[in-house]
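Only one structure is covered here, and it is reproduced in the block below.
Bear in mind these aren't lab numbers, they're just calculated from the coordinates by the rules spelled out. It should be emphasised that the depicted structure is a prediction, and the values quoted were computed from it without experimental measurement. Here the Cβ positions follow ideal geometry from the backbone for every residue, glycine too, while neighbour counts run over all protein chains shown.
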Amino acid sequence: MSTDTPAGTPAPADSPGPTDSPRDRYIAVARSDEFAGLRKALRGFVFPMTVAFFLWYALYVIMSAYARGFMGQVLFGHINVALIFGLLQFVTTFLIAWLYARYADRKLDPVADKIRGDLTGGDS
């Protein structure tokens, strides 16, 4: 379905032009350098953190499977290396979430707020 007027038929004087439609504004934003920079900044944090966490988790799994002697070493009481590694997975998850929140506050949110303000005319 098209909202364009048929060829040769002028649009009514009070109708918005093609660049005034929300769809066109969103497309213009998506193609802007500012939005591309925002996506690049997001990917610059998310991809390396994802790879780092995946490698850290894979190390834990591989060592649990193939380094049973090391992982089974008792550190104190009934606590062994494997349990510490497992608990550190949770610590790492919360650390990454905290780092992302700080990164987003400093690098992503100001740009996203500016883009949103430009797109909505400051009505957000």
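Annotations
- Pairwise label distance in nanometres, Ala101 with Trp56, each label 7 Å out on the Cα-Cβ vector: 1.6 nm
- Of Gly44, Ala97, Ser64, farthest towards positive along the dipole that unit charges on Lys, Arg, Asp, Glu beta carbons give the range 25-104: Gly44
- Magnitude of the charge dipole for the range 22-120, about its Cα centre and with charges confined to Cβ atoms of Lys, Arg (+1) and Asp, Glu (-1), is about 160 debye.
- For Leu75 and Arg31, the difference between the fully extended length at 0.36 nm per residue and the C-alpha to C-alpha distance is 10.3 nm.
- Taking amide hydrogens as placed 1.01 Å from N in the peptide plane, the amide H of Asn80 sits under 5 Å from those of Leu75, each at least 5 positions away in sequence or on another chain.
- Applying 1/(1 + (r/R0)^6) with r as the Cβ-Cβ distance of Tyr66 and Phe90 and R0 = 25 angstrom yields a FRET efficiency of 0.65.
- In terms of other Cβ atoms within 10 Å, Ser32, Ser64 run from fewest to most in the order Ser32, Ser64.
- Stretchable slack from Leu108 to Leu83, in nm (0.36 nm times residue separation minus alpha-carbon distance): 5.4 nm
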